[in-house]
Amino acid sequence: MAKNSIILTLLITVFAGYCQAATHSYTVSVDDNIDSADINICFDGKPPEYLAVDKRKGNSALIKFPRSKQGHIEIQGRYWNIRALAENACIDYRVDLSRHHAKRRKETKDRRNIFFVDENSWLWLPETIAKSDEIEVTFKLPKWASISTPWMKVSEKAETYRIGHHPQDWGYNLMIGDFEQRFVTVSNGHVLSIASSNNMQQTDKIDQWLVDIAKSLENYLGDYPASQTQVILIPKPKYKNSPVPWGSFSRGNGFGILFVVVPSVGIEDFYADWTATHEFSHQLLPKINYDDIWLSEGLSSYLQYVLMGQANVIPAEHAWYKLFSGLKRGEKGTKKLKPETLQQASERRSRGGRAGRTMRIYWSGALYFMKADVALRERSGGKVGLNDVLLRLNRCCINGGKIWQGRELAAKLDQLADEQIFLPLFDKFSQSEEFPEYQETFDKLGVVLAKTKKRKLELKENSLARKIMQLAN
């Protein structure tokens, strides 16, 4: 027995050695003008087979091609074949960053350039990496420079970040330069990493606006969906139509949101704008195949007004009126198009056919989640709503490098809800050539069109519409 125990112990030790997690180390040394960077990669044990960037012409950014003293590197387009490298090998190369410089504005001529990127064309990362392995990137910056990334910082003494395991073509926002960075608490264990240009107007008020939106999402879900959300604010001096003319969401190894903002307008205008609640709501679904974009954009379109109504930023009646108006636009946009299914509209939009399809895609998706929300509450006697199912989804399935197909996600939502709601609705919506009927849904919500232009619509007492808007109270 003793001999067998010794053999078993040796086998366990050998097996543990093979399964030991590796941490591959990157050092990015940025020059004083952030025109270029020297990058050193040192692998922990056996290197991966390939390194990759998400841009086909990534090699055009190279100033010095990759070299290693421990073996040969074969360049294959946007991939580097490094299977010939020895264990614990290192690679050195230099890359041009000047193509990513932000445009200088007259009022910032005396400031350093800002480096901003939304796709990775310069940091060559493993094409695939074991779940047990990690990648840590240390940035060595000019003394005057700051850095904003969506990645988790792992050192207080250095700018060292741990990159996750998402595919390298998922995109992210990264900024290096002369700007302010603030870490603002949403709740215990959850922060916003906010980056903005120096001396931006009413910074404190805008930060609080962002925190309030994050808290409205947390109140809706029952938990904030991320330990950290990166927010980059790009100021625009003047814009008449909105305090937030544009926003975008990325999830490349961490949630990141970019907003173009007009900091000179009153803070009340920021609270009245839906753009930020829309982009923050994208954190509630995993990455979905682009051909099913109507799901991800639809949930954000539904919640952009639900969250505002729950937070009392706008009256509940106004929130439902805005949703009703959106559905009207979706219906109108659908009628302008030649007959095609919602699935076809999404597929054709992904290939560049955007004209006339955006309203249909966004508001068909909003109606999908509205109908699911109503059905869940009806079947549970008001005990379960869409927010409860999304919380379960958040706890099981948001993180990871998987791209979900729309039908697959609908089936998962049914499993989490223990109901057959999402998948039957998905099949009906995706294959319909018409904008789905919504008046019946508004009747179930207790929303009644008012006879006076002043009120526009009314909510019945104790209606489902009121209960949904009171969720956070």
**Q.** Any pair with Cβ under 6 angstrom, 6 or more apart, that starts in the range 136-155 at a residue that is outside the structural domain of L192 (by TED's automatic domain parsing) and over 18 Å from Q230 (Cβ atoms) and ends at one that is part of a loop (DSSP other than H, G, I, E, B) and at pLDDT 95 or above
**A.** none
(Q) When you check D273 against the structure, is it closer than 21 Å to Q405 by Cβ and acidic (D, E), yes or no? (A) no
Q. Among S146, S98, S68, which is the only one that is at pLDDT 85 or above, under 25 Å from G254 (Cβ atoms) and of a type in the set (G, A, S)?
A. S146
Q) Here are some residues: F259, F270, F249. Which one is part of a helix (DSSP H, G or I), crowded, with 19+ Cβ neighbours inside 10 Å and not assigned by TED's automatic domain parsing to the domain that holds W144? A) F270
Q: Hey, could you check the range 431-450 for residues that are in a loop (DSSP other than H, G, I, E, B) and among the hydroxyl-bearing types (S, T, Y) and say which is nearest to E317 (Cα to Cα)?
A: Y438
Q) What number of residues in the range 290-329 are more than 30 Å from W170 (Cα to Cα) and either outside the structural domain of L459 (by TED's automatic domain parsing) or out of contact with any helix residue (DSSP H, G or I) (no Cβ under 6 Å at 6 or more places or on another chain) (or both)? A) 8
Q | Residue, farthest from S463 (Cα to Cα), within the range 402-429, restricted to residues that are among the small types (G, A, S) and touching a Phe, Trp or Tyr at 6+ places or on another chain (Cβ under 8 Å) | A | G406
Q) How many residues, within the range 285-315, are in a helix (DSSP H, G or I) and touching a strand residue (DSSP E or B) at 6+ places or on another chain (Cβ under 6 Å)? A) 2
Q) How many residues are of a type in the set (A, V, I, L, M, F, W, C), surrounded by fewer than 18 Cβ atoms within 10 Å (Cβ to Cβ) and not in a loop (DSSP other than H, G, I, E, B) when one looks only at the range 118-172? A) 1
Q: Select from the range 272-288 the residues that are touching a residue at least 40 places away in the same chain (Cβ under 8 Å) and farther than 19 Å from G256 by Cα and list them in ascending order.
A: A272
Q: May I ask you to verify whether Q420 is more than 23 Å from the chain's Cα centre (by Cα) and either assigned to a helix (DSSP H, G or I) or over 25 Å from S250 (Cα atoms) (or both)?
A: yes
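The values are calculated or read from the model by the stated rules, or taken from the named source; none is laboratory data. All values reported here derive from a predicted model rather than from experimental measurement. Every residue, glycine as well, gets a Cβ built from its backbone with ideal geometry; the counts of neighbours run over all protein chains shown.
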